[in-house]
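Right, one structure below, let's go through it.
The values are calculated or read from the model by the stated rules, or taken from the named source; none is laboratory data. Here the structure is a predicted model, which is why all the values come from computation and not from measurement. Heads up, the Cβs are rebuilt from the backbone with ideal geometry, glycines too, and the neighbour counts pull from every protein chain shown.
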Amino acid sequence: MPEQIRVVLVDDQQLVRAGLAMVIDAQPDMTVAGQAGSGAEAIALVAATPCDIVLMDVRMPGMDGLEATRRILEAADAGGAASPPRLVMLTTYDLDEYLLSAISAGASGFLLKNAPPADLLAAIRTVHTGDAVIAPSATRRLLAHVAANPSAPGPDPVDPRLATLTDREREVLELIARGLSNAEISSSLYLSETTVKTHVRRVLAKLGVRDRVQAVVVAYESGLARGGA
């Protein structure tokens, strides 16, 4: 049996959780580690249950999924967790404020509930490897938003988030901001894919971000990447 990805399901609708659990438990490399019906229940469950991925509903009565995500990740950081769970937000509503708030809260994925099961499973596996997944329509609007709201008129060489990057790491960050995969960056810069992965890990570590999506936001906010890129 392959190593299983432990998934926690959080949704206030029991029928939705049951459907997700059926799909996930049918996979040889996944298992449902627990279920919660509210943000508060999710915080308690994740604190007591080892898990890799949390599928979190955005809109729930009481504490919503965004606040629960913040608290779960803050608790993991405060506790010095070596491998904190990664959060994927699920919502019926494809709205900008949810997307931006989810990224700000530290989520590594944002998917619509009407996504095909295959896309959801692929997203879980992708996020588990350390990357991020955002619904395609949401990605386009995210980049449009940060490009339309730059914090500087041009690249800021003294931006503290960029100051520690080498020239090569800046090149890699610019290509990440254009949406290129590791393989495409490898081809563009004539580097091995292993070398690109190393550069990406260093960029994320130096920027203090969890994944590529948050790195893209930094690239646009700092002025390193522009809307035309």
Next item on the list: Filter the stretch 171-196 for residues that are surrounded by fewer than 16 Cβ atoms within 10 Å (Cβ to Cβ) and within 21 Å of the chain's Cα centre (by Cα) and give the result.
Entry: ARG178, GLY179, SER181, ALA183, GLU184
Check: Hey, among VAL217, VAL209, which residue is among the hydrophobic types (A, V, I, L, M, F, W, C) and in contact (Cβ under 8 Å) with a residue 12 or more places away in the chain?
Finding: VAL217
Note to self: Just to be sure I understand the filter: pairs with C-beta atoms under 6 Å, separated by 6 or more residues or on different chains, first member in the stretch 15-28 and within 14 Å of LYS113 (Cα to Cα), second member of a type in the set (S, T, N, Q). Which pairs pass?
What the structure shows: ARG17/GLN35
Margin query: For the stretch 184-205: of the residues being in contact with an Asp or Glu (Cβ under 7 Å, 6 or more places away or on another chain) and touching a residue at least 12 places away in the same chain (Cβ under 8 Å), which is nearest to LEU165 (Cα to Cα)?
Written below: VAL203
Checklist line | Any chance ALA215 is among the aliphatic types (A, V, I, L, M) and either modelled with pLDDT under 80 or loosely packed, with under 15 Cβ neighbours inside 10 Å (or both) | finding: no
Check: Of these, LEU99, LEU95, LEU55, which one is under 15 Å from the mean Cα position of the chain (by Cα), modelled with pLDDT under 90 and not basic (Lys, Arg)?
Finding: LEU99
Next item on the list: Could you tell me which residue of the stretch 66-92 is surrounded by the most Cβ atoms within 10 Å (Cβ to Cβ), considering only residues that are modelled with pLDDT under 90 and among the acidic types (Asp, Glu)?
Entry: GLU74
Notebook entry, point to check: If ARG141 passes every condition in (1) closer than 22 Å to LEU100 by Cα; (2) modelled with pLDDT of 75 or more but one, which one does it miss?
Noted result: (2)
Next item on the list: Sort out which residues of the stretch 114-123 are in contact (Cβ under 8 Å) with a residue 12 or more places away in the chain, more than 16 Å from VAL213 (Cβ to Cβ), part of a helix (DSSP H, G or I) and of a type in the set (A, V, I, L, M, F, W, C), and write them in order of number.
Entry: LEU120, LEU121
Note to self: Conditions first: (1) acidic (Asp, Glu); (2) touching a helix residue (DSSP H, G or I) at 6+ places or on another chain (Cβ under 9 Å); (3) free of Cβ contacts under 8 Å to residues at least 24 places away in the same chain. ASP64 passes all but one, so which condition is the exception?
What the structure shows: (3)
Check: In the stretch 1-41, what residues are farther than 18 Å from ARG86 by Cβ, surrounded by 15 or more Cβ atoms within 10 Å (Cβ to Cβ) and small (Gly, Ala, Ser)?
Finding: GLY19, ALA21, GLY37, SER38, ALA40
Next item on the list: Give the residues of the stretch 152-170 that are of a type outside the set (A, V, I, L, M, F, W, C), at pLDDT 90 or above and surrounded by 14 or more Cβ atoms within 10 Å (Cβ to Cβ), sorted by residue number.
Entry: ARG168, GLU169, ARG170
Note to self: Where the second residue is assigned to a loop (DSSP other than H, G, I, E, B) and the first is of a type outside the set (A, V, I, L, M) and lies in the stretch 101-113, which pairs have Cβ atoms under 7 Å and are six or more apart or on separate chains?
What the structure shows: GLY106/ARG210; SER108/ALA132; SER108/ARG210; SER108/ASP211; GLY109/ALA132; PHE110/ALA135; LYS113/THR92
